[in-house]
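The values are calculated or read from the model by the stated rules, or taken from the named source; none is laboratory data. Owing to the predicted nature of the structure, the values given are computational and were not obtained by experimental measurement. Backbone-built Cβ (ideal geometry, glycine too); neighbour counts: all protein chains shown.
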Amino acid sequence: MTTETHEQHAPHGLPDWAWYVGVPLAAVVWWLVYGQLIPFSEWATSLFPVARDSHTGEAIAFFIYDVPKVLLLLTGIVFVTGVLRSWFSPEKTRAILAGKNQVWGYPLAAALGVLTPFCSCSSVPLFIGFVSAGIPLGVTFSFLIAGPMVGPVGLGLLYGLVGWQIATIYLVFGFTIATLAGVVLGRMGLERYLQDWVRELNAGPVGDLPEERLTLVDRLKIGVDQVREIVGKVWIWVLVGIGIGAAIHGYVPEEMMLRIMGGEAWWSVPAAVVVGVPMYTNAAGVIPIVEALLGKGAALGTTLAFMMSVIALSLPEMIILKQVLTYRLIAIFIAVVAAGILATGFLFNFLL
Amino acid sequence: MKTVKVYGPGCNRCETTETMVKEAAAKLGIAVEVEKVTDAKSIAMAGVMSTPGIAVDGKLVHAGGLPDTAKLEGWLSA
């Protein structure tokens, strides 16, 4: 087998120079298209036989503006994140965390949770790999909470759709919840509530893989692969989320939104969490809904609580973790994270 | 006969990896027996933290993400 045949058959058999030219070119095209979204959506909306300022017109305009915007943002964020994360791996993260003292372990784990590439389908082997390497349970939880909670997709879309102020607030509080929830869970001494077989796996084997040397082009390829994989998977959630957002934007009266999700209704924060947990979507699907809710005057704390519980506490993930955690431990985990989310929600409704 | 184990809980990428291993082996004319390991405990015991992982004749060669075709052929023919 010669290398030439490999290159012909490889999915990305492009020469290196094509990557060095293609990626900046794609970035320029991206930027130009992104700048034309408002004229484009206004023009496309005017093609519909409805008045622009009617309920239906507002909903259509929201949808037509948001779909290309979210998809563009998503593609850009996923690509950049994919490239940056190629410098990290669960194996490296484990080595870093295993050697750290307790105090710094939690925020460090939360930070690495954001930077380390892992999909929820491999959270069980990852969990076991961490715990068996002697990383404390609380530190492991900080890692697992931060990953989805302050993921780059959610932050980037919040920045693009709602604004940098709220994106920053979300980052700071999401990170704090992941860190503190890990500390609290670590203090509770929950090791006895792991499934029996996990506890017996002490000092488990460490896969000693030779470190793969990646060129810049390899990393760019990883970015493109991530875009295919993730955008190919979540676009349907994006459309559903924007559809719901458009319906809220067009049809829900502001006065009704203030009554249900306004700052005066104290019960709206726990209600938002209760509604948010069973909702299964991802950051890309929920942020357009958040955009519409805030636009209609929903209180920031209530909306944050809703968004955090949708993204960070999802039932399918709990079902996956059931393999390693007992129901009791899952319940404690949910309670601690939910308490952090509630506190954030109440705090912002109180302050603003 | 080489024994190849593909570690993964059954996500899309793990299925793709299995297909890639079989295709690479067929292309190289190497007889392989591909075994899929889907049980979380066995995956973890093998030292795999990011799936899919690949072991050839008991030696772990890859973990996390789809393997590179050229590298995959290298592992199989080694």
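Counting the residues of region B:40-64 that are within 11 Å of the chain's Cα centre (by Cα) and either surrounded by 18 or more Cβ atoms within 10 Å (Cβ to Cβ) or at the interface with another protein chain (Cβ under 9 Å from one of its Cβ atoms) (or both) gives 11.
Counting the residues of region B:1-29 that are within 11 Å of chain A (Cβ to nearest Cβ) and touching a helix residue (DSSP H, G or I) at 6+ places or on another chain (Cβ under 9 Å) gives 13. Among the residues of region B:38-54, those that are aliphatic (A, V, I, L, M) and either in contact (Cβ under 8 Å) with a residue 40 or more places away in the chain or out of contact with any helix residue (DSSP H, G or I) (no Cβ under 6 Å at 6 or more places or on another chain) (or both) comprise B:MET45, B:ALA46, B:VAL48, B:ILE54.
Here A:THR81 does not qualify as modelled with pLDDT under 90, surrounded by 18 or more Cβ atoms within 10 Å (Cβ to Cβ) and under 16 Å from the mean Cα position of the chain (by Cα). If you filter region A:84-106 down to residues that are crowded, with 23+ Cβ neighbours inside 10 Å and more than 14 Å from chain B (Cβ to nearest Cβ), you find that the one that is farthest from A:LEU157 (Cα to Cα) is A:GLY105.
To keep it simple, each residue is scored yes or no on (1) within 22 Å of A:ILE248 (Cα to Cα); (2) in contact with a Phe, Trp or Tyr (Cβ under 6 Å, 6 or more places away or on another chain); (3) in a helix (DSSP H, G or I); (4) not hydroxyl-bearing (Ser, Thr, Tyr).
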| site | (1), (2), (3), (4) |
| --- | --- |
| A:VAL67 | yes, no, yes, yes |
| A:LEU72 | no, yes, yes, yes |
| A:THR75 | no, no, yes, no |
| A:ALA110 | no, yes, yes, yes |
| A:LEU126 | no, yes, yes, yes |
| A:GLY160 | yes, no, yes, yes |
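Look through region A:125-142, keep the residues that are in contact (Cβ under 8 Å) with a residue 60 or more places away in the chain and within 18 Å of A:LEU185 (Cα to Cα), and return whichever of them is farthest from the other protein chains (Cβ to nearest Cβ). Checking each candidate, the answer is A:PHE141.
Evaluation of A:TYR159 against the conditions (1) surrounded by fewer than 19 Cβ atoms within 10 Å (Cβ to Cβ); (2) without any contact (Cβ under 8 Å) to a residue 60 or more places away in the chain shows that the sole unmet condition is (1). Examine region B:20-39 for a residue that is out of contact with any strand residue (DSSP E or B) (no Cβ under 6 Å at 6 or more places or on another chain), closer than 29 Å to A:VAL198 by Cα and not in a strand (DSSP E or B), and state whether such a residue exists. Scanning region B:20-39 turns up at least one residue that is out of contact with any strand residue (DSSP E or B) (no Cβ under 6 Å at 6 or more places or on another chain), closer than 29 Å to A:VAL198 by Cα and not in a strand (DSSP E or B). Residues that are among the polar types (S, T, N, Q) number at least 1 in the following helices (runs of 4 or more DSSP H) confined to region A:246-317: A:268-276, A:300-312.
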